[in-house]
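Undergrad: If you scroll down you'll find the structure; I have some questions about it.
The values are calculated or read from the model by the stated rules, or taken from the named source; none is laboratory data. Keep in mind the model is a prediction, meaning the values are calculated, not measured. Counting neighbours? That spans all protein chains shown, and the Cβs are built from the backbone with ideal geometry, glycine included.
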Amino acid sequence: MAETLGFIGLGIMGKPMAKNLMNAGYNLVVLDIASGPVRELVDTGAEAASTPAEVASKVKTIITMLPDGPEVEEVVLGKGGIIETAKAGTVVVDMSSISPTVAQKVATELAKKGTSMLDAPVSGGEPGAINGQLAIMVGGPEELFNEIKPIFDVVGKSAVLVGGNGAGQTTKLVNQILVGIHIEAMGEAFVLAAKAGVEPMKVFDAIKGGLAGSNVLNAKVPLVLDRNFKPGFKIRLHQKDLKNALEAAGDLGLDLPVTQSVKSMVDDLVAVGKGDDDHGGIVQAVEKKNGVEIRPVSV
């Protein structure tokens, strides 16, 4: 008999992840604040629940994919939350991107009931979620990681245990610092090419096989040239991740000046209504500063 999982959070990332699990043979009990994604999954065989506590009452393993730490705390620890009906042996796999401190707090509270937790944030955006090609960064007990690994293998191309609870979230913050800075640097580099009258796509083709080539460039340069900022991962979510990264750095007595600079650019973009653009749209901050858009030279 197929295993039944709980899945809470059916947004841009969560819905395709849930679909992949169903396609792999898992049964799901699902919950989201939006009724549309729930109906869509129920129409293909999932069961709907009305509260996180109801989800936890019906399954052993619950995946959460939520916007930020406050939502995770509410769903897991709040009124009607998972903790109300979780039992010894229940497993919470939080695949949201949140503060490591919040991840550790939630894990500690769950442990008081004999309930285990993995923090397992992902990278890869909507395309990775749709294609089951996410990179998963996991914090928690090794035995539990090995138990949940078959689930990770459905939704991701890699899953690496990096340490105890909170370590997965720290690793995601490292990832988001690198991606955010890389996109901003891409903006600076390709604004230079565009202003100089050199075809940006030819520049990309010339450099992508060298040391400067990267998955970020491969994914984002074609979209920027098409002026396609349809969100695979929204700027406002990257804003949240950079905020969490800077708070974590502050707690450790660290100064991350370039991360702070990119965060300020992202703040400005959100303030002018671009928070729902794809985070590749961070380049727009550089474009606005210089009065140059990254477009094909012939256009």
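Undergrad: Which one of these does residue 298 not meet: (1) within 22 Å of residue 122 (Cα to Cα); (2) out of contact with any His (no Cβ under 8 Å at 6 or more places or on another chain); (3) modelled with pLDDT under 95?
TA: Residue 298 satisfies all of (1) within 22 Å of residue 122 (Cα to Cα); (2) out of contact with any His (no Cβ under 8 Å at 6 or more places or on another chain); (3) modelled with pLDDT under 95 except (1).
Undergrad: When only residues in segment 52-81 that are part of a helix (DSSP H, G or I), of a type in the set (D, E, K, R) and in contact (Cβ under 8 Å) with a residue 12 or more places away in the chain count, which is surrounded by the fewest Cβ atoms within 10 Å (Cβ to Cβ)?
TA: Per the criteria, the residue is 58.
Undergrad: Oh, and also: Let me confirm something: among 268, 276, which residue is free of Cβ contacts under 8 Å to residues at least 60 places away in the same chain, part of a loop (DSSP other than H, G, I, E, B) and of a type outside the set (Gly, Ala, Ser)?
TA: Answer to the check: 276.
Undergrad: Related question: Please enumerate the residues belonging to segment 149-168 that are in a helix (DSSP H, G or I) and either under 12 Å from residue 107 (Cβ atoms) or in contact with a Ser or Thr (Cβ under 7 Å, 6 or more places away or on another chain) (or both).
TA: If the condition is that a residue be in a helix (DSSP H, G or I) and either under 12 Å from residue 107 (Cβ atoms) or in contact with a Ser or Thr (Cβ under 7 Å, 6 or more places away or on another chain) (or both), then 167, 168 are the ones that fit.
Undergrad: Sort out which residues of segment 23-51 are farther than 18 Å from residue 155 by Cα and part of a strand (DSSP E or B), and write them in order of number.
TA: Correct list: 31, 47, 48.
Undergrad: Quickly run through segment 121-136 and pick out the residues that are in contact (Cβ under 8 Å) with a residue 12 or more places away in the chain, surrounded by fewer than 23 Cβ atoms within 10 Å (Cβ to Cβ) and not small (Gly, Ala, Ser).
TA: Listed by number, the residues that qualify are 126, 127, 130, 133.
Undergrad: Restricting segment 194-203 to residues that are in contact (Cβ under 8 Å) with a residue 60 or more places away in the chain and either of a type in the set (Phe, Trp, Tyr) or farther than 15 Å from residue 218 by Cβ (or both), which is surrounded by the most Cβ atoms within 10 Å (Cβ to Cβ)?
TA: 194
Undergrad: Looking at segment 206-214, can you tell me whether even one residue there is under 25 Å from residue 97 (Cα atoms) and at pLDDT 95 or above?
TA: Yes, segment 206-214 contains a residue that is under 25 Å from residue 97 (Cα atoms) and at pLDDT 95 or above.
Yes/no matrix, rows are residues, columns are (1) surrounded by 20 or more Cβ atoms within 10 Å (Cβ to Cβ); (2) part of a helix (DSSP H, G or I); (3) among the β-branched types (Val, Ile, Thr):
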| site | (1), (2), (3) |
| --- | --- |
| 172 | yes, yes, no |
| 181 | no, yes, yes |
| 205 | no, yes, no |
| 213 | no, no, no |
